[in-house]
Amino acid sequence: MKKRLYWGVMFLVAAVFIVLNAMDMLDGLSIFSIVFSVLLVPVIITGIQKHNFALITFPLALIAIMFDEPLGIESFTPWPALATALLSSIGLTLLFPRKHAWYNTKPESHPQYAGVGEQEYNDGENITINTRFNGSTRYIRSKTVRSVNIDASYAGAKVYFDNADIGGKEAVININSSFSGVELFIPRNWHVDNEISVMMGGVKEVGAEEADVTIKTIILRGNCGFSGVTIHRI
């Protein structure tokens, strides 16, 4: 509901600026830059709420680039601004790691995995995977999975569900990633419902779902900034 409210208000504000531009009341400012900047505001708010610093620093850098002439900062754009955004987001990520409040589950119920290499998890309903500045492979083998929470920053994560089962008819995979690639290996007879919010990234599916024999449902949620999520059907 809050997300719809943010975007609804921002689109209305953008519409107002278009009207003001048509009435020559913006003093020569680019209407495209103004509208695009307004639409970046919800992205920045999401970054603040989720402690995803890339969703804060890069939109600010883009705004600086679009308004460099009125602000008198032409020497700072574009590459110094983008480099500053990148280094700032890395530094803030290291200094202030996310607290996983967005998972909406009790922290003590989450077996946590971090670091490089391969690991497996054989039981439990709620699993958390953290990876930073590295690559990791996880094998979920629990037969009672209800949620898997993947937090990736400047990293790559592969998560296999071929030997897992869901405790019920559906499970949730929460993905919060920035500058990362997340690969999910999911059985063909599981249905995937994609609800992920993406900025400067994408979600793609490799392989076909066996819709006629679907027995379980995976709901994908979370926020991905400058990241890609690939669903491999196995």
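The values are calculated or read from the model by the stated rules, or taken from the named source; none is laboratory data. Computed from a predicted model, the values in this text were never measured in an experiment. Virtual Cβ from ideal backbone geometry, glycine too; neighbours counted across all protein chains shown.
Would you mind telling me which numbered condition in (1) at pLDDT below 90; (2) assigned to a loop (DSSP other than H, G, I, E, B) ALA164 fails? Of (1) at pLDDT below 90; (2) assigned to a loop (DSSP other than H, G, I, E, B), only one is false for ALA164: (1).
Of all residues in region 70-91, those that are touching a residue at least 60 places away in the same chain (Cβ under 8 Å) have Cβ atoms under 6 Å from Cβ atoms of residues that are among the aromatic types (Phe, Trp, Tyr), 6 or more apart or on another chain, in SER89/PHE53. Considering region 122-165, and only residues there that are within 29 Å of PHE96 (Cα to Cα) and of a type in the set (Asp, Glu), the residue that is surrounded by the fewest Cβ atoms within 10 Å (Cβ to Cβ) turns out to be GLU125. For region 49-69, a residue qualifies if it is farther than 24 Å from THR131 by Cα, in contact (Cβ under 8 Å) with a residue 24 or more places away in the chain and assigned to a helix (DSSP H, G or I), and the qualifying residues are LEU60, ALA61, LEU62, ILE63, MET66. Tell me yes or no: at least one residue of region 172-185 is assigned to a loop (DSSP other than H, G, I, E, B) and either aliphatic (A, V, I, L, M) or farther than 19 Å from PHE58 by Cβ (or both). No, region 172-185 contains no residue that is assigned to a loop (DSSP other than H, G, I, E, B) and either aliphatic (A, V, I, L, M) or farther than 19 Å from PHE58 by Cβ (or both). Taking the residues in region 177-215 that are among the acidic types (Asp, Glu) and exposed (fewer than 15 other Cβ atoms within 10 Å of the Cβ) as candidates, determine which candidate is nearest to the chain's Cα centre (by Cα). It comes out as GLU195.
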